[in-house]
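One structure is given below, encoded as structure tokens.
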Amino acid sequence: MISHEMIDKAARLISGCKRVTALSGAGVSAESGISTYRDAGGLWDRYPEGSSGGILAVMTNHPEDAPQILMGFLEGIKKAKPNPGHRALVDLEEMGYLRAVITQNVDNLHREAGSSQVFEMHGNLYRLRCLKCNKKEIMGREPYFKMLEELINKMTRFSLEEIASNLPSCSCGGSARPDAVAFGEPVQDLPEAMAEAKACDLMLILGTSGVVYPAASLPGVAQSGGAKLIEINPQQSALTGRCDLFLEGKTGEILPRIVSSLREIQGKNIIPPES
Ligand SMILES: [Zn+2]
């Protein structure tokens, strides 16, 4: 359990800032029940090729396991709801501190919680992108899961051709695919994320391993611009060494405590933030 002193220290650092950016990783989604493949018991334990090649590599090597892998993945995200960590970030935005969330997660939970400025470096699973005209469209949860379940149920083994022929079609006649970034594909929102990292005065590093680039380079960019770094993580990461403050634990437990502490500071009017 993180001491009150540590929480207070984090709150005081934030209270002096006007442009906080959060960088969130798989750990934040894990607290909503979405598996981080890298962890013990995760998918990469059973299929080691996943850690370097991603889920597509796993399905290519084990085509007959693909329907079950995809269905398991779908079940996980279907049940997931924003957790207290997601909601605390919305509080920080409403209090006038947080400007943007940069995330590596594709599950839409930051937007669902109510964060208004979200940069999704690995895309968004609920967004369909037309492969022909590049039109992007967010789908509602219900029709999205229905569409994917039908697609998976038709599948007996993984084949790109089969998936391609069953993708939903765009009004232009092209096929649309979920707009999440696969291994080897370029990340999204990078210019926006870099600009936020350069401009922020404090970066919250939340539940990320700090080993997946280019997201892992953003804290360094922020620090070079003079920003303070606060990390909240269940265990130390590749980024811990450069952080001004490391709080060991879950974002969903620690961040709401920091918000309460900030409200106390605001109440005492020690350093009022400019909204
Ligand atoms: Zn189209």
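Side notes on the structure shown:
- Cα Rg, Dmax (largest Cα-Cα span) when computed across the range 102-178, Å: 13.7, 40
- For the range 154-201: Kirkwood Rh in Å [reciprocal of mean 1/r, alpha carbons]: 14.0 Å
- Value of relative contact order over the range 75-233, rounded to a whole percent, pairs C-alpha under 8 Å and six or more apart: 19 percent
- Neighbour net charge for C130 - beta-carbon separation under 10 angstrom, K R +1, D E -1: +3
- With a simple spin-label model that places each label point 7 Å from the Cα along the Cα-to-Cβ direction, the separation between H62 and E49 comes to 1.1 nm.
- In terms of the mean number of neighbouring beta-carbon atoms within 10 Å, the peptides 169-175, 4-10, 228-234 order highest first as 228-234, 4-10, 169-175.
- The distance between label points at V212 and S35 comes to 1.5 nm (points 7 Å beyond Cα on the Cα→Cβ vector).
- The mean sequence distance of close C-alpha pairs (under 8 Å, at least 6 residues apart), as a share of the length of the chain, puts its relative contact order at 27 percent.
- For the range 33-167, the calculated P(r) over all alpha carbon pairs, in 5 Å bins from 0 to the bin holding the longest distance, is 2, 9, 15, 19, 20, 17, 10, 5, 2, 1, 0 percent.
- Helix-derived mean residue ellipticity, 222 nm - over the chain, DSSP H n ≥ 4, -39500 (n - 2.57), to 500: -12500 deg cm²/dmol
- DSSP beta bridges in the chain [antiparallel fraction, %, rounded to 5]: 30 percent
- In the range 167-264, the DSSP beta bridges split such that about 10 percent are antiparallel, to the nearest 5.
- Considering only Cα atoms, the convex hull volume of the range 179-267 works out to 125 Å³ per residue.
Each value in this text was obtained by applying a stated rule to the coordinates, not by laboratory testing. Only a predicted model underlies this, so the values are computations on that prediction, with no experimental measurement involved. Methodologically, a virtual Cβ is constructed for each residue, glycine included, from the backbone with ideal geometry; neighbour enumeration extends over all protein chains shown.
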